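Participant: Please see the structure below; I have some questions.
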Amino acid sequence: MLSSSGSGAGAGKVNLQPFQFMMPTSKASPKLFLAGASGQPLKTATLTCRQSGQKAREFLKITLSDVLVSSFGTSSDTSVPVDQLSLSYTKIVYEFTSQKADGSLDTIVKAGWDVKANKASD
């Protein structure tokens with residue numbers, strides 16, 4: 001997802017690859033398909049992962065800004081159809097929270113990158 005130029009005119013310029021993920025087909029699928037087919041940009045896209053169980057606390061959140069659906073496909077290799085997406089973006093914010101020994105969540109670790117400005121952001 002990330003590479004960096006080491007020398008020459010592009011030295012120090014980070015190259016962020018499209019964000020790729022899979023998700024169960026849902027009511028969002030037709031809208032994501034249409035956004036990809038039409039080239040319509042999305043203001044933001046957020047991927048959230050939660051712990052299983054009754055509390056279902058969020059431990060990972062990735063937020064993308066100025067998003068284009070660069071690829072969209074659906075497969076049915078399992079009993080549930082799955083969408084495969086690639087999203088291009090101009091800004092990414094990555095937040096992760098580890099779990100403590102007692103089961104509670106630790107402090108959020110957060111980092112972001114602005115592709116246009118080629119610098120860290122929040």
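Participant: Residues to consider are ALA45, ALA120; find the one that is part of a strand (DSSP E or B), of a type in the set (Gly, Ala, Ser) and either in contact with a Cys (Cβ under 7 Å, 6 or more places away or on another chain) or under 17 Å from LEU32 (Cα atoms) (or both).
Facilitator: Working: ALA120 fails: either in contact with a Cys (Cβ under 7 Å, 6 or more places away or on another chain) or under 17 Å from LEU32 (Cα atoms) (or both).
Answer to the selection: ALA45.
Participant: Which of the residues that make up region 67-118 are within 12 Å of the chain's Cα centre (by Cα) and of a type in the set (Asp, Glu)?
Facilitator: Residue satisfying the conditions is GLU95 alone.
Participant: In addition: Going by what's in this entry, would ALA37 be described as of a type in the set (Gly, Ala, Ser), outside any strand (DSSP E or B) and either closer than 25 Å to ALA120 by Cα or at pLDDT 95 or above (or both)?
Facilitator: Yes: the conditions hold for ALA37.
Participant: Determine, yes or no, whether SER86 is of a type outside the set (A, V, I, L, M, F, W, C) and touching a residue at least 60 places away in the same chain (Cβ under 8 Å).
Facilitator: Numbers: of a type outside the set (A, V, I, L, M, F, W, C): yes; touching a residue at least 60 places away in the same chain (Cβ under 8 Å): yes.
For SER86, the condition - of a type outside the set (A, V, I, L, M, F, W, C) and touching a residue at least 60 places away in the same chain (Cβ under 8 Å) - is met.
The values are calculated or read from the model by the stated rules, or taken from the named source; none is laboratory data. Quantities reported herein were computed from a predicted structural model and do not represent experimental measurements. Here Cβ is always computed from backbone atoms with ideal geometry, including for glycine, and neighbour counts include all displayed protein chains.
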